[in-house]
Each structure stands twice: as C-alpha cells, then as structure tokens.
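Data block below; observations after.
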Amino acid sequence: MLDHLTVVSHPLVQHKLTLMRERDTSTASFRKLLREISLLLAYEVTRELPMTTKRIETPLEAMDAPAIDGKKLALVSILRAGNGLLDGILELVPAARVGFVGLYRDPETLQPVQYYCKLPDRLEERLSIVVDPMLATGNSSVAAVDLLKKSGATNIRFLCLLAAPEGIARMKEAHPDVPIVTAAVDSHLNEHGYIVPGLGDAGDRMFGTK
Ligand code: URA
C-alpha cells in the first residue's frame, strides 16, 4: 500500500522540475521536460502493483517470470493540463485504458465546473490513476475522484507534478483512500489559487497559450 503522500525526491526529477519552474524555459523545453518527468513519476505511481508469474521459455530453459497481475490500468486525465502527464505514462503502459474529465475552475469561486467526462468501462476491476500536474485547491481533483467513484472505481491513485498543502489536505479529507504521488510540495496558494512558488499555469506553459 502506498502512503497517502509520496514525494519523489529522485535527483533527476528534482533537477528537471527546477528547469520547468524557471520563467524563461521555452514551451518546447517545458513540454520535453514534462514528458521526461512523467516517465519517472509513472515509475513511482505504479509501484506495488499486484504481481503474478507467467510461464515463459528463455533461449536456455523454461521459467516462471514476474508479470503484472490483473486488469489493465485506467489513466484518467483532468483536461487539459493532465494530458501533458498522460503522454509520458502511456509510453510506459501503452495498453492502459484512458479516460478524460473536463473541469475548469470558475475564476471567481475557484470551484470546478464539469464540461466533459468519458471514462473507461469496468473501473471496479481496474487500478485508476488520475493525472493532473497541479494539485492546487484540490477542488478539481476531489471532483474527478468523485466521478470515478460514482462510476465504480475503488482503487484510485492521484499523480501530479506539484502540490500545495491546501490541496493535499482537501484530498486527504475527501478521499483518504487515494494515495498522492508528487514531485514536490510547495509553500502555499496565492489569492488566485496558484501554487507558490510553483511554475505558473501548467496548461499555458505546456501548450504555449496565455
Ligand atoms: N493550475 C496551474 O496551472 N497552476 C497553478 O499554480 C495552480 C493551478
């Protein structure tokens, strides 16, 4: 069982995150770094998956070799920034099913408003990994996990790049059964709901919008 919060302190992750935070990092570099970091985070969030063995033949002899047990993973991206993390993870687990939850933050209330939801079937049989680079207020994350649970998911993990203490607390209160994996926990949220020091708007930085 993963802890409720795992901070991935690996030097490669921390170094790449520093480059991503820098204001002058270009969109192209930001995207490339996000892809690289998502591979490393995927490694952590898929830790402790149930394992089995399968009988295989090596060129020398037969053996019972380790293999991941159970149904395929479901990756669920919170649009739109979640897609930046999704691509890298799919490289490692190309057979995973993929869902999308469209939520935007009302700029006044900071509350999530749902505009899209398409989830894989048989979520009750899968491990679902919800991805969103920024765990800020936690409102979108809690809403996305609510949707998954309503659709039958019982085994859920949350993967992000940066988390604010406020978002972690909100998730822990609403979904104590959902472990969070992140590269860093920052200081606080500002009055606009941005993570400080953070990296700015993750979606804008990865897609080159303003
Ligand atoms: N979403 C972002 O993209 N950045 C933040 O700092 C908070 C939420």
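The values are calculated or read from the model by the stated rules, or taken from the named source; none is laboratory data. Treat the numbers as computed from the prediction; the structure is a model and nothing was measured. Quick reminder, even Gly has a Cβ in these numbers, built from the backbone with ideal geometry, and neighbours come from all protein chains shown. These area figures cover heavy atoms from the full protein model, side chains too; ligands, DNA and RNA do not enter into them. Shrake-Rupley method; radii C 1.70, N 1.55, O 1.52, S 1.80 Å.
Quick rundown of the values:
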read-out: Net charge of Cβ neighbours under 15 Å - reference ALA153; Lys, Arg +1; Asp, Glu -1; value: +4
read-out: LEU75 long-range amide H proximity, modeled H, under 5 Å; value: ARG97, VAL98, GLY99, ILE129
read-out: Within straight-line cross-link reach of LYS210, aspartates and glutamates at Cα separation under 16 Å, skipping those fewer than 8 residues along the same chain; value: ASP24, ASP201
read-out: On Cα atoms only, tilt of 27-45 relative to the major axis of the chain in degrees; value: 50 degrees
read-out: Protection-proxy order for peptides 77-89, 7-19, each taking the mean of Cβ atoms within 10 Å per residue, highest first; value: 77-89, 7-19
read-out: Difference of contour (0.36 nm per residue) and Cα-Cα distance, GLU57 to THR27; value: 6.2 nm
read-out: Cross-link partners of LYS118 among lysines (Cα-Cα below 22 Å; sequence separation of 8 or more within a chain); value: LYS71, LYS72, LYS149, LYS150
read-out: Accessible area expressed per residue, the chain, with surrounding protein chains retained (probe 1.4 Å, Å²); value: 51 Å²
read-out: Dipole of the chain [Lys/Arg +1, Asp/Glu -1 at C-beta], most positive-end residue of SER187, LEU92, GLY200; value: LEU92
read-out: Electrostatic dipole magnitude of the stretch 37-123 [Cβ: Lys, Arg +1; Asp, Glu -1; Cα centre; debye, to 20]; value: 300 debye
read-out: Between 0 and 90°, nearest 10: helix 82-92 axis offset from the chain longest Cα axis; value: 20 degrees
read-out: Sorted peptide list for 60-69, 115-124, criterion being average Cβ within 10 angstrom, highest first; value: 115-124, 60-69
read-out: Eligible lysines near LYS16 by straight Cα distance, threshold 16 Å, same-chain separation 8 or greater; value: LYS32
read-out: Cα long-axis angle, helix 139-150 against the chain (0 to 90 degrees, to the nearest 10); value: 40 degrees
read-out: Net dipole in debye of the stretch 73-210 [+1 Lys, Arg Cβ; -1 Asp, Glu Cβ; about Cα centre; nearest 20]; value: 300 debye
read-out: Placed amide H near ILE156: partners under 5 Å, 5+ positions off or other chain; value: SER128
read-out: Projected-area average for the chain over all orientations - Cα convex hull basis, square nanometres; value: 12.8 nm²
read-out: The stretch 1-158 - charge dipole about Cα centre, Lys and Arg +1 at Cβ, Asp and Glu -1, debye rounded to 20; value: 320 debye
